[in-house]
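Novice: Let me begin by handing over the structure; questions about it come next.
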Amino acid sequence: MEPLWGFDLGGTKIEGVILKSKDEPNNIIARMRVPTEKTKGYNHIIGQIGLLVNNLKEATGLTPTRIGLGTPGALDPITQTHKNSNTTAINGMPFKRDLENALGISFEMANDANCFAIAEARMGVVQDVMPEAKMVFGVIMGTGVGGGLVLNGNVWNGRQGIGGEWGHSFLDESGGLCYCGKIGCVETLISGPALEKYYKSLTGQDMHLNEIIKKYKDGSDQAATQTVKRLIYFFGKGISNLINILDPDVIVLGGGLANIDLLYTEGIESLKQHVFNPRLDTLIVPPKLGDSAGVFGAAFLVA
């Protein structure tokens with residue numbers, strides 16, 4: 001069975017992995033990184049991906065015909081150009097086509113949140129809690145808010161390549177202006193920076209979210225209590241929209257905020273108040289694969 005090649009394009013590094021096969025995903029043949037060096041421009045990024053291919057070929061003696069690539073942003077299925085990436089050099093460019101022409105290899109591309117979701121579905125926590133799950137939603141809550149949808153073991157990119165982008169659905173006007181130009185996106189309310197900004201609006205002080213959580217737990221800071229109550233309320237409301245529309249079997253939380261234990265207790269109680277069902281049957285679980293999820297998920301794009 002053919003090995004699976006997966007690459008994860010980040011702002012500072014490009015990581016590559018070769019897995020033995022889709023039936024033995026935990027058998028890692030090789031894993032390497034090269035710097036992205038995105039400030040050197042579009043063609044240099046393509047060259048760095050080529051460098052990683054060559055490094056892995058030399059280390060293993062293997063030659064890929066197809067590579068799965070997880071990226072920030074997404075390939076627009078209509079225009080075949082890239083969009084919404086914080087590696088801005090690739091935006092508006094026919095990135096997939098140019099990669100394939102430069103390297104002579106076929107690429108399957110998906111947003112990095114989709115790669116997180118498929119990795120957790122196919123070889124991560126979902127295999128532990130509900131291996132028979134048909135629909136899995138991977139939530140990213142960190143510096144930003146995003147998500148990925150996996151249906152019957154495959155990424156659902158959607159008609160416009162924005163499947164799973166719940167972070168830019170409307171949640172509440174009090175979130176204010178989002179960088180995307182809209183008002184009240186999920187990201188403006190329950191991302192890490194949004195919560196820290198809210199705390200500062202109450203106190204005039206900068207404080208990291210971890211410290212805010214700590215002060216909430218020991219009851220020493222009223223503003224911290226308000227901030228965390230805001231997180232819990234809008235977490236429940238936001239996730240309920242996902243469940244009411246998609247009704248997935250499992251939701252896996254990822255990103256820095258997935259480490260906040262309150263989301264799995266008070267957050268779920270908040271969710272129960274908003275979901276359109278007498279019970280909450282959806283499993284809400286923390287991730288298993290950590291930083292490995294993106295590159296493993298990319299490999300599954302060609303499984």
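The values are calculated or read from the model by the stated rules, or taken from the named source; none is laboratory data. Note that the coordinates shown come from a computational prediction; the quantities given were computed from them, not determined experimentally. All Cβ positions, glycine included, derive from the backbone under ideal geometry; neighbour counts span all protein chains shown.
Novice: Exactly one condition in (1) buried (at least 17 other Cβ atoms within 10 Å of the Cβ); (2) assigned to a loop (DSSP other than H, G, I, E, B) is false for Ile239; which is it?
Specialist: Of everything listed in (1) buried (at least 17 other Cβ atoms within 10 Å of the Cβ); (2) assigned to a loop (DSSP other than H, G, I, E, B), Ile239 misses just condition (2).
Novice: Quick check, is Asn157 crowded, with 24+ Cβ neighbours inside 10 Å and in contact with a Gly (Cβ under 6 Å, 6 or more places away or on another chain)?
Specialist: On the way: crowded, with 24+ Cβ neighbours inside 10 Å: no; in contact with a Gly (Cβ under 6 Å, 6 or more places away or on another chain): yes.
For Asn157, the condition - crowded, with 24+ Cβ neighbours inside 10 Å and in contact with a Gly (Cβ under 6 Å, 6 or more places away or on another chain) - is not met.
Novice: Output the residue which, of all residues in region 135-154 that are more than 13 Å from the chain's Cα centre (by Cα) and either in a loop (DSSP other than H, G, I, E, B) or among the charged types (D, E, K, R) (or both), is surrounded by the fewest Cβ atoms within 10 Å (Cβ to Cβ).
Specialist: Asn152
Novice: State all residues of region 239-261 that are closer than 23 Å to Gly290 by Cα and not hydrophobic (A, V, I, L, M, F, W, C); if no residue qualifies, say none.
Specialist: Selection gives Pro248, Asp249, Gly254, Gly255, Gly256, Asn259, Asp261.
Novice: Do we have Ala59 as in a helix (DSSP H, G or I), out of contact with any helix residue (DSSP H, G or I) (no Cβ under 8 Å at 6 or more places or on another chain) and modelled with pLDDT of 95 or more here?
Specialist: Spelling it out, Ala59 is indeed in a helix (DSSP H, G or I), out of contact with any helix residue (DSSP H, G or I) (no Cβ under 8 Å at 6 or more places or on another chain) and modelled with pLDDT of 95 or more.
Novice: What tally of residues in region 62-99 results from selecting those that are without any contact (Cβ under 8 Å) to a residue 60 or more places away in the chain, of a type outside the set (S, T, N, Q) and outside any loop (DSSP other than H, G, I, E, B)?
Specialist: The qualifying residues number 8.
Novice: Kindly list the number of the only condition in (1) within 19 Å of the chain's Cα centre (by Cα); (2) surrounded by fewer than 24 Cβ atoms within 10 Å (Cβ to Cβ); (3) among the charged types (D, E, K, R) that fails for Lys96.
Specialist: (1)
Novice: Go through region 155-170 and give me each residue that's on the phi > 0 side of the Ramachandran plot and over 13 Å from the mean Cα position of the chain (by Cα). I'd like the intermediate steps shown before the answer.
Specialist: Kept after step one, since they are on the phi > 0 side of the Ramachandran plot, are these residues of region 155-170: 158, 161, 164.
Those that are on the phi > 0 side of the Ramachandran plot and over 13 Å from the mean Cα position of the chain (by Cα): Gly158, Gly161.
Novice: If you don't mind, another one. Go through the residues of region 31-49 one by one and say whether even a single one is of a type in the set (Ser, Thr, Tyr), surrounded by 13 or more Cβ atoms within 10 Å (Cβ to Cβ) and within 22 Å of Arg159 (Cα to Cα).
Specialist: Let us first name the residues in region 31-49 that are of a type in the set (Ser, Thr, Tyr), namely 36, 39, 42.
Now restrict to residues that are surrounded by 13 or more Cβ atoms within 10 Å (Cβ to Cβ): 36, 42.
Going one step further and asking which of them are within 22 Å of Arg159 (Cα to Cα), we end up with none.
For region 31-49, residues of a type in the set (Ser, Thr, Tyr), surrounded by 13 or more Cβ atoms within 10 Å (Cβ to Cβ) and within 22 Å of Arg159 (Cα to Cα): absent.
Novice: Assuming Val125 fulfils every condition listed in (1) closer than 20 Å to Ile245 by Cβ; (2) surrounded by 21 or more Cβ atoms within 10 Å (Cβ to Cβ); (3) in contact with a Pro (Cβ under 8 Å, 6 or more places away or on another chain) apart from one, which condition is it?
Specialist: So the condition that Val125 fails would be (1).
Novice: Which number in (1) of a type outside the set (Lys, Arg); (2) modelled with pLDDT of 95 or more; (3) in a helix (DSSP H, G or I); (4) surrounded by fewer than 18 Cβ atoms within 10 Å (Cβ to Cβ) marks the one condition that Asp291 misses?
Specialist: (2)
Novice: Within region 21-40, restricting attention to residues that are of a type in the set (D, E, K, R) and at pLDDT below 95, which residue is nearest to Ala299 (Cα to Cα)?
Specialist: Restricting to residues being of a type in the set (D, E, K, R) and at pLDDT below 95, the top hit is Lys22.
Novice: Mind listing whichever residues of region 169-219 are within 22 Å of Gly148 (Cα to Cα), touching a residue at least 24 places away in the same chain (Cβ under 8 Å) and among the hydroxyl-bearing types (Ser, Thr, Tyr)?
Specialist: Scanning region 169-219 gives Ser169, Ser191.
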